[in-house]
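J.: Got a structure here, written out as structure tokens. Questions coming.
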Amino acid sequence: MSANRIRVLVVDDSAVVRKLISEALAADPEIEVVGTAVDPYAARDQIIALKPDVLTLDLEMPRMGGLDFLKILMEQRPLPVVVLSSLTGTGSEQAMEALRLGAVDVLGKPGGPLSLGEMGAQLVAKVKAAAVARLHPSSPAKPVAAAVRQAVPGGGGATWARAPAGGSCRLILLGASTGGTEALREVLTRLPDGLPPIAIVQHIPAMFSRAFADRLDQLCAFRVSEAKDGDLFEPGRALVAPGNFHLLVSRQGGQFRARVIEGPQVWHQRPAVDILFKSAVDAGLGPQVIAGVLTGMGKDGAEGLLRLRERGAATFAQDEASSVVFGMPRAAWENGAAQKQVPLERIPEYICHQLEISGASHATAARPLP
């Protein structure tokens, strides 16, 4: 990356969109748009000539589709890529596949012809996060058949053959941002069925969160769905915060239910991890929670995680080496919120280990993995 400014190449077949994106990025003094390309073939030549730090990439282009280009790019000349995808069902599925192939982040494509509006600020933030991202090779996603879910708990390559006794644990809370969709996939697909309910906040645009939840539902040994207001947090189920809505935990009698609200942004995010974590404390939870912050830009989640730790929750942060962006986990570690830094590949083991501690002795303090 340039010592002074982030060099960006804009790849889109629409002249109008190229102009809008270029203007939005160029308005930030830390970003320089070094060129534009109408299709992947032109982009290939521009990459060689201009050596950009970050690409913005449309997925629907002539001559070669964006997904095909992204796959080739990540195999031959990996670069941080922010994908722009249409806000449709097909566009959402393509966006999830782009993230699996190695794109750092995704943004909905502008629907209006005149201005990016609020999306301009989001694009700037995503490009800045991409510029400091640590690229990790993609891994194949293998679905778990419904029959396997029922017959073999933890059937999708889970770390543990069966769910550990949950003991006092009532909720598992996870928050992530840049790089989080794939990090969460790595974690959740290696967890067995029968765990306490899981609540997930991933910074993701509206319209893409349902595709993200549906994809996880196909891959995991337990049910995963986009949260709806009033949903019951129940064992063997994970709820994903809808894009552009906060997800909260609400106690109703002896049950815990999801609240899905609009509300103001927190740390420029909606959904926000801090909102979820703090709501669990407000619902009277503490020792009954396992909570962690995964890869992402910024500080969202650190304050809420600290409140949970102070109430006796088992808390962790993803370690730097395995994080795409060590921003949110760093903040949660430096403010004392996380009891332990855990490599991505060991987070499923950490969660199951904490459940065993909870089931055996109701202890709340994290301890080293064996």
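Since every read-out is calculated from the coordinates, none of them should be taken as a lab result. Note that this is a predicted model, so its numbers are computed, not measured. Here the Cβ positions follow ideal geometry from the backbone for every residue, glycine too, while neighbour counts run over all protein chains shown.
J.: Where does helix 89-101 land angle-wise versus the long Cα axis of the chain, in degrees 0 to 90, nearest 10?
T.: 80
J.: Please give the helix 118-131 orientation as an angle from the longest Cα principal axis of the chain, in degrees from 0 to 90, rounded to the nearest 10.
T.: 80
J.: Once you have all Cα-Cα distances for the chain, histogram them in 20 Å bins from zero and send the whole-percent values.
T.: Going from the shortest bin to the longest, the percentages are 31, 56, 14, 0.
J.: Looking at region 197-276, send over the antiparallel percent of its DSSP beta bridges, to the nearest 5. Don't skip to the end; give the middle numbers.
T.: On the way: 9 of 16 bridges.
Once the DSSP bridges in region 197-276 are tallied, antiparallel ones form about 55 percent.
J.: Which far-off residues, 5 or more places away or on another chain, put their amide H under 5 Å from the one on E226, with H placed in the peptide plane?
T.: Amide H neighbours of E226, under 5 Å, 5+ apart: V240.
J.: Moving on to the next point. Nearest 10 degrees, 0 to 90: what angle lies between the long axis of helix 209-219 and the longest principal axis of the chain (Cα atoms)?
T.: Around 60 degrees separate the two axes.
J.: For region 67-83, just list the computed ³J(HN,Hα) in residue order, Karplus coefficients 6.51, -1.76 and 1.60, θ = phi - 60°, integers in Hz, with x standing in for Gly and Pro.
T.: Karplus values, whole Hz, x for Gly and Pro: 5, 4, 5, 4, 4, 5, 4, 5, 7, 9, 8, x, 9, x, 10, 9, 8.
J.: Extending each Cα 7 Å along its Cβ direction at L232 and D68, get the distance between those two points in nm, one decimal.
T.: That separation, rounded to one decimal, is 4.9 nm.
J.: How many angstrom separate the Cα center of region 223-237 from the Cα center of region 316-332?
T.: 27
J.: Let me ask something additional. Looking at the chain, send over the antiparallel percent of its DSSP beta bridges, to the nearest 5.
T.: Approximately 15 percent, going by the DSSP bridge assignments.
J.: Compute the longest continuous run of the chain that contains no exposed trypsin sites (Lys or Arg not before Pro); treat a site as exposed when its DSSP state is not H, G, I, E or B and it has at most 14 other Cβ atoms within 10 Å.
T.: Here the longest run is 229-370.
J.: Full extension from S225 to T88: what is 0.36 nm times the residue separation minus their Cα-Cα distance, to one decimal in nm?
T.: Result for the pair: 47.5 nm of gain on full extension.
J.: While we're here: Please order T36, T181 by the number of other Cβ within 10 Å, starting at the fewest. All intermediate terms of the calculation are to be shown ahead of the outcome.
T.: Values: T36 20, T181 26.
Lowest to highest Cβ neighbour count: T36, T181.
J.: On to the next question. When the chain is modelled as a GNM with alpha-carbon springs shorter than 10 Å, which of V266, V82, V249 fluctuates the most?
T.: V266
J.: Full-extension gain between R77 and A321, please, as 0.36 nm times their residue separation minus the C-alpha to C-alpha distance.
T.: Extra length from R77 to A321 when fully extended: 85.7 nm.
J.: In nm, to one decimal, how far is the modelled label at E23 from the one at A206, with both set 7 Å along Cα→Cβ?
T.: 2.3
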